[in-house]
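Please read the structure below before turning to the comments.
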Amino acid sequence: MKQFTFANPLQEGAGNGGCGGSKIRKPKDMVWVFWQAPERKQKFWQGAGKNLFFLSKWLILAFVLESLVLAYVPNEIVRSVVGDGNLMSVIGAALVSIPAYLNGYAALPSIDGLLEQGMGAGAGMSFLLAGDATSIPAAMAVYANARKPEFVAYLSFAFVGAVASGLLYSLVA
């Protein structure tokens, strides 16, 4: 008897307790008052510094991209491709987001620049949702762990859901 396609979604060897699996196998007590232990306080500040650097570099890139879009991409091009909120503009925004979406930190300022130039609200919503799920880095992460039928379903559900959400948002915005 043929097995249902989604019954075993992971590729062979994927999942072997990764993504925090060692924490389940070797649990440790939670220490809420971390600042009383010098090594934990040092680890906290190192993590805070890494997060600050990570966020800063992506936000700087995002604002540079927004400035470039505002300065060099004519409003007429943006309006003609993704401006009027119809089906094609929402689909176009979802398709453009696949190679253009960097990450959630950089996407919002980029969308802000495009909205200022005439991008429709539904197209912006579609760009954000489709890009988050189908961008090249996100898709590579799923592709590395999922079998091909599940990967195709993942991309399809994400794309269709983003377009549907964009269209719905166009109606209410």
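The values are calculated or read from the model by the stated rules, or taken from the named source; none is laboratory data. Every value quoted in this text rests on a predicted model; they were computed, and no experiment measured them. When we count neighbours, we look across all protein chains shown, and the Cβ atoms used for this are built from the backbone with ideal geometry, even at glycine. We work out accessible area using only protein heavy atoms, side chains counted, and drop any ligands, DNA or RNA first. Shrake-Rupley method; radii C 1.70, N 1.55, O 1.52, S 1.80 Å.
Computed quantities for the displayed model
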read-out: Selection status of L128, open to solvent by 70 Å² or more (accessible area, probe 1.4 Å) and either assigned to a helix (DSSP H, G or I) or in contact with a Phe, Trp or Tyr (Cβ under 9 Å, 6 or more places away or on another chain) (or both); value: no
read-out: Answer from L59, L68 - the residue that is touching a Pro at 6+ places or on another chain (Cβ under 8 Å) and either surrounded by fewer than 19 Cβ atoms within 10 Å (Cβ to Cβ) or on the phi < 0 side of the Ramachandran plot (or both); value: L59
read-out: Unique residue being more than 30 Å from L10 (Cβ to Cβ), surrounded by fewer than 20 Cβ atoms within 10 Å (Cβ to Cβ) and of a type outside the set (K, R) when the list is A121, A144, A100, A139; value: A121
read-out: Criterion violated by V160 - all others in (1) buried (at least 18 other Cβ atoms within 10 Å of the Cβ); (2) modelled with pLDDT of 90 or more satisfied; value: (1)
read-out: Residues being in a helix (DSSP H, G or I) and buried (at least 17 other Cβ atoms within 10 Å of the Cβ) - total across the range 71-91; value: 6
read-out: Criterion violated by I111 - all others in (1) crowded, with 18+ Cβ neighbours inside 10 Å; (2) without any contact (Cβ under 8 Å) to a residue 12 or more places away in the chain satisfied; value: (2)
read-out: Condition check for A121: in contact (Cβ under 8 Å) with a residue 24 or more places away in the chain and touching a strand residue (DSSP E or B) at 6+ places or on another chain (Cβ under 9 Å); value: no
